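Novice: If you scroll down you'll find the structure; I have some questions about it.
The numbers here are math on the coordinates, done by the rules we state, and not lab data. Nothing here was measured: the structure is a model prediction, and the numbers come from that model. Cβ placement follows ideal geometry from the backbone for every residue including glycine, while neighbour counts extend to all protein chains displayed.
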Amino acid sequence: MDLGLRGKRALVTGSTAGIGFAAARALAAEGAEVWINGRTDERVSAAARRIEDYVPGATVRGIAADLGTAQGAERVIQALPDVDVLVNNVGIFAPQAFEQISDADWMRFFETNVLSGVRLSRAYLPGMRARDWGRIVFVSSESAVQIPAEMIHYGMTKTAQVAVARGLAETTVGTGITVNTVLPGPTASEGVGTFVEQLAAERGIGFEQMEQEFFATARPSSLLRRFATPDEVAGMIAYVCSERASATNGAALRVDGGVVRSIL
């Protein structure tokens, strides 16, 4: 299926690994001009080379910037003043007891996970309006619906992303612009993989056994009963960025392996 993205310019934030990298690679495979983002030049360059190896002839560029700050967002906007597709994927997470989450932690999570997307969407939406075409996607989480007790600050930011995306979609009435949210479930991204490996090492068990215990205890409602791959999530992101998804707007699309027990 041709997704109609050939020649479109796409920025995927937090795209040197995990879901962001898989999404950038999927968009490149569809012929989009893809811009990679990460916090260091080394990781950005390495990710761009991997995509170029995977998709011969792909147009891949990169911007190193910390989008957890206003200065980082401005650096990206100055380097890339206009895009057709914006995937707000950058995010941080950390298990932490509620009583131990400081004001600084709350603000750091909100600024990185929410304001990064707000700042970039605010900058790129006018150009999309001028062309009467654009795609904005916020990569949220099933934690937006089922707030994890061990990461309440993270869950709060994921819910906020859904709210921001829906509100932005309301401003696109009658246009060729869509704004949606994708809600992955537990996914074998770089950070999650490292976290599970650490837990397994502490318990003296293997990764597969730790994965089984995680889904038996922490996410027992999962129908998938394993971590999704980044590529499985990227398939949904690529679709919702496409011309084919023109009638999908203001939606929260779950790729959660059935973790959320809801039909709506």
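Novice: Which one is nearest to ILE177 (Cα to Cα) among residues in the range 97-155 that are in contact with a Lys or Arg (Cβ under 6 Å, 6 or more places away or on another chain) and touching a residue at least 24 places away in the same chain (Cβ under 8 Å)?
Specialist: Filtering the range 97-155 for residues that are in contact with a Lys or Arg (Cβ under 6 Å, 6 or more places away or on another chain) and touching a residue at least 24 places away in the same chain (Cβ under 8 Å), the one nearest to ILE177 (Cα to Cα) comes out as SER140.
Novice: Here's another thing I want to ask about it. Only one of VAL12, VAL60, VAL34 is over 16 Å from the mean Cα position of the chain (by Cα) and surrounded by 18 or more Cβ atoms within 10 Å (Cβ to Cβ); which?
Specialist: From the options VAL12, VAL60, VAL34, the qualifying one is VAL60.
Novice: Condition first: without any contact (Cβ under 8 Å) to a residue 40 or more places away in the chain and among the aliphatic types (A, V, I, L, M). Can you find one or more residues in the range 170-185 that meet it?
Specialist: Yes, the range 170-185 contains at least one residue that is without any contact (Cβ under 8 Å) to a residue 40 or more places away in the chain and among the aliphatic types (A, V, I, L, M).
Novice: Looking only at residues that are hydrophobic (A, V, I, L, M, F, W, C) and more than 23 Å from SER189 (Cβ to Cβ) in the range 246-264, which one is surrounded by the most Cβ atoms within 10 Å (Cβ to Cβ)?
Specialist: Among residues in the range 246-264 that are hydrophobic (A, V, I, L, M, F, W, C) and more than 23 Å from SER189 (Cβ to Cβ), the one surrounded by the most Cβ atoms within 10 Å (Cβ to Cβ) is ALA247.
Novice: All but one of (1) surrounded by fewer than 24 Cβ atoms within 10 Å (Cβ to Cβ); (2) in contact (Cβ under 8 Å) with a residue 40 or more places away in the chain; (3) among the charged types (D, E, K, R) hold for ARG25, so report the exception by its number.
Specialist: Unmet for ARG25, out of (1) surrounded by fewer than 24 Cβ atoms within 10 Å (Cβ to Cβ); (2) in contact (Cβ under 8 Å) with a residue 40 or more places away in the chain; (3) among the charged types (D, E, K, R): (1).
Novice: Do the conditions hold for ARG226, that is, is it of a type outside the set (Asp, Glu), in a loop (DSSP other than H, G, I, E, B), under 21 Å from VAL145 (Cα atoms) and in contact (Cβ under 8 Å) with a residue 40 or more places away in the chain?
Specialist: Spelling it out, it is not the case that ARG226 is of a type outside the set (Asp, Glu), in a loop (DSSP other than H, G, I, E, B), under 21 Å from VAL145 (Cα atoms) and in contact (Cβ under 8 Å) with a residue 40 or more places away in the chain.
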